[in-house]
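One structure below.
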Amino acid sequence: MNKILAIVAAVCCIGSVYGYPSGAPTGQCVAMTPQSPHPAAQTGTSPYQITTNASAGYLPGQTYSVTISKTSSSNTDFKGFLCQVRQVGQTTAALGTFAVKDASKAQTIICTSSGGAVTHRNRNTVSQQTFDWTAPSTPLGVGTQVEALCTVVQSRDVLWVQLRSPQFQELAIPMVATTAPPTTLVSTTKAPTAKASTTKAPTAKASTTKAPTAKASTTKAPTAKASTTKAPTAKASTTKAPTAKASTTKVPTAKALTTKAPTTKAPTTKAP
């Protein structure tokens, strides 16, 4: 019986050292450590680092990335992790929500709220993990400092608890200017558009003064027809040329003269 108890205790111990093969439970949200008893957290320089792309600050409701990776001097992969974002100095409340990029390696859990933390899905060895973190939509206050915290398990008896990213702060939400910036809406003074202006630009249509065309102009060009002044023809002119007919002065004919010749008639004086 004692031997059986010893074996069971050894198995439980190994399980606790490895942490949770399928991810940390919500009961570990505060301490961020494997179930007790567990090996002491490492205190030396960690071979892992926690970084974000929000070093310049974050805006409420916006999404940023959180990454667990090996340092430049390390070549050691890891098997388990549990990450949150907290306000600096806070030891319990997780801020914002996480989303995983590879569901075969990571999953979100409820810590303070749904998706408040992210943990491993299995004990497969990985060299890096990156997650999306969306900041709380309700502002905490401009200048509020926050940080990402991750517990990283290297092996069954080696882990680092609550490794911290560089702190980053909440930024002021940009105020909308009272004078709205130009938009694509048409202003009261309409900008020129592709439509024709009131003065129509020349088009391919004929202008009001028609350009010369192939048609005859109003002054007709000379044609092959006779002009109004008729050229001389072969017909006789108005002054008739002399013909073979007799002239108006008749030539004397063979008729007797009007002075009759004396006849042999006796004289009118009778003889005594």
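The values are calculated or read from the model by the stated rules, or taken from the named source; none is laboratory data. No experiment lies behind these values; they were computed from the predicted model shown. Glycine also receives a Cβ, built like all others from the backbone with ideal geometry; neighbour counts cover every protein chain displayed. Just the protein is used for accessible areas: all its heavy atoms, side chains included, with ligands, DNA and RNA removed. Shrake-Rupley method; radii C 1.70, N 1.55, O 1.52, S 1.80 Å.
Mind listing whichever residues of the stretch 81-99 are among the small types (Gly, Ala, Ser) and buried (at least 18 other Cβ atoms within 10 Å of the Cβ)?
Matches in the stretch 81-99: Ala94, Gly96.
Here are some conditions: (1) open to solvent by 20 Å² or more (accessible area, probe 1.4 Å); (2) modelled with pLDDT of 95 or more. Asp102 meets all but one. Which one does it not meet?
(2)
Could we say that Phe78 is open to solvent by less than 60 Å² (accessible area, probe 1.4 Å) and either under 13 Å from Leu149 (Cβ atoms) or of a type in the set (Gly, Ala, Ser) (or both) here?
So Phe78 does not fit the description; no.
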